[in-house]
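Just below is one structure, and these are the notes that go with it.
The values are calculated or read from the model by the stated rules, or taken from the named source; none is laboratory data. Fair warning: this is a prediction, and the values are worked out from it, not measured in the lab. Cβ: placed from backbone, ideal geometry, glycine included. Neighbour counts: every protein chain shown.
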Amino acid sequence: MAKFGKEFAKGLIISNPVFVLALGLCPTLAISTSIDSALGMTLAVLIVLFGSNVIISAIRKFVPSITRIPVFIVIIASLVTVVRLIFHAYMPQMHEALGIFLPLIVVNCIILGRAEAFASKNPLVHSIADALGITVGFMLALLMISFIRQILGTGNLSVFGVDFGTLPVLGKHPIVMFILPPGAFLIIGLLMGLFRRTGVMKSE
Amino acid sequence: MNELIAIFLGMVLINNFVLVRFLGLCPFFGVSKKIGSAVTMGFAVTFVMTIASLATWLIRNYILLPFDIEFMEIVIYILVIATLVQIIELFIKKTNAALYFAFGIYLPLITTNCAVLGITLINATQDYSLAGSAIAALGGGLGFTLVLFMMSGIRERLERANTPKAMKGLPVAFVTATLLGLAFSGFGGMI
């Protein structure tokens, strides 16, 4: 159980997929324009990463090491297809908002990276802890970035249609740059610098 | 013809793969420390993107659509790309040793480059013709190469600049990308 906790906790900060490992940057930057799509992306990644870690950890003793990468990719691609169909059927708006980045989870380095570095070498329970920890770390990073971008870029804080109010000045004159692509680069760069400055994460 | 030119310019400048669409960011930050390797990577990606676009266009229009199995596209495209990269690697290894030494280490990385799977999916959603797909892939790849080249030039200088310790490396690269992105958003009204 202690090991479970350890594998879970390391994904949060020490090996945070976005800020420390710099993996999965494409979806992080592209869909962090609103908190809604950040949560939708997290849900999709959770299903795929959980599924792939469980399956790959379960079959790790039967897959010859030469063919392991193609096997992993097919498993991940199938899971992504399933998630895409589920999203299309039950959350059409979210499917629309995530667009091309939903199918692109296949080539998200976080998933294949965890399969190769962790799930293919560790027992089932630890792989589940690893998947959950990495997903929560990914979610924290996404929420942080999308929260700042949404507040500064629209001046409005609303999550899934529930309105938490509009800021006085920003509401009228939002800084549109922050929901445009350059804003994403700026926020993630400054956050990374901040975490290193405060010693939460190591500098190079 | 005009349509093809519009697709090309749109891909290179307006909807730049890296700065606007956020595709291929891993090599953008990973391989942009030296100009030489950045440009080689850029051309390798452009090459694979173009071939993959042609192959997936044929598969989509002659297999997936007629048999109504479009939902299989993700699995099939990724397998096609992985196979193509392997074939290209073998082909270059046999025919051109110098090129193999230049491209060799980057080729396996390209399989999991989201720019390649991205362009095949963009072609599918936009319903481009065969020529349109190839031009879109070429434009996307050249746009990627252009930005990678600019970024690597800046980063070579940045290495020697007096950056605060906490911002060294990746963080300052992100801030640089912000400025590049702002500059590129000026192309927005071109077409």
Out of A:ALA30, A:ALA89, A:ALA38, A:ALA58, sole residue that is small (Gly, Ala, Ser), over 26 Å from A:LEU124 (Cβ atoms) and surrounded by fewer than 17 Cβ atoms within 10 Å (Cβ to Cβ): A:ALA89
Give me the residue from the range B:16-47 that is more than 12 Å from the chain's Cα centre (by Cα), in a loop (DSSP other than H, G, I, E, B) and of a type outside the set (D, E, K, R) and, out of that set, farthest from B:GLN86 (Cα to Cα). B:VAL20
Among (1) farther than 30 Å from B:VAL75 by Cβ; (2) more than 17 Å from the chain's Cα centre (by Cα); (3) surrounded by 18 or more Cβ atoms within 10 Å (Cβ to Cβ), the one test that B:GLY181 misses: (2)
Scanning for something within 27 Å of A:SER15 (Cα to Cα), in a helix (DSSP H, G or I) and not hydrophobic (A, V, I, L, M, F, W, C), does the range A:151-172 turn up at least one residue? no
Among the residues in the range B:84-97, are any within 11 Å of chain A (Cβ to nearest Cβ) and either in a helix (DSSP H, G or I) or modelled with pLDDT of 85 or more (or both)? yes
Give the number of residues within the range B:32-58 that are crowded, with 21+ Cβ neighbours inside 10 Å, under 25 Å from B:ARG155 (Cα atoms) and of a type in the set (A, V, I, L, M, F, W, C). 4
Exactly one condition in (1) within 24 Å of A:LEU79 (Cβ to Cβ); (2) in a helix (DSSP H, G or I) is false for B:PHE67; which is it? (2)
Kindly establish whether B:PRO108 is without any contact (Cβ under 8 Å) to a residue 60 or more places away in the chain, crowded, with 23+ Cβ neighbours inside 10 Å and in a helix (DSSP H, G or I). no
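Rundown of residues vs (1) under 23 Å from A:ILE31 (Cβ atoms); (2) outside any loop (DSSP other than H, G, I, E, B); (3) within 18 Å of the chain's Cα centre (by Cα), yes/no style:
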position: A:ARG84; (1), (2), (3): yes, yes, yes
position: A:ALA89; (1), (2), (3): yes, yes, no
position: A:GLN93; (1), (2), (3): yes, yes, no
position: A:ILE105; (1), (2), (3): yes, yes, yes
position: A:ALA115; (1), (2), (3): yes, yes, yes
position: A:LYS121; (1), (2), (3): no, no, no
position: A:HIS126; (1), (2), (3): no, yes, no
position: A:ALA131; (1), (2), (3): yes, yes, yes
With criteria (1) within 25 Å of B:GLU156 (Cβ to Cβ); (2) surrounded by fewer than 20 Cβ atoms within 10 Å (Cβ to Cβ), B:ILE63 comes up short on (1)
What number of residues in the range A:1-47 are over 13 Å from the mean Cα position of the chain (by Cα), in a helix (DSSP H, G or I) and of a type in the set (Gly, Ala, Ser)? 3
Residue count, the range B:14-36, condition of a type in the set (Gly, Ala, Ser), in contact (Cβ under 8 Å) with a residue 60 or more places away in the chain and more than 14 Å from B:GLY118 (Cβ to Cβ), comes to 1
Going through (1) buried (at least 22 other Cβ atoms within 10 Å of the Cβ); (2) among the hydrophobic types (A, V, I, L, M, F, W, C); (3) in contact with a Pro (Cβ under 8 Å, 6 or more places away or on another chain); (4) closer than 26 Å to B:ALA173 by Cα one by one, B:VAL85 fails only at (4)
Within the range A:177-200, take every residue that is among the small types (Gly, Ala, Ser) and at pLDDT 85 or above and give me the one that is surrounded by the fewest Cβ atoms within 10 Å (Cβ to Cβ). A:GLY189
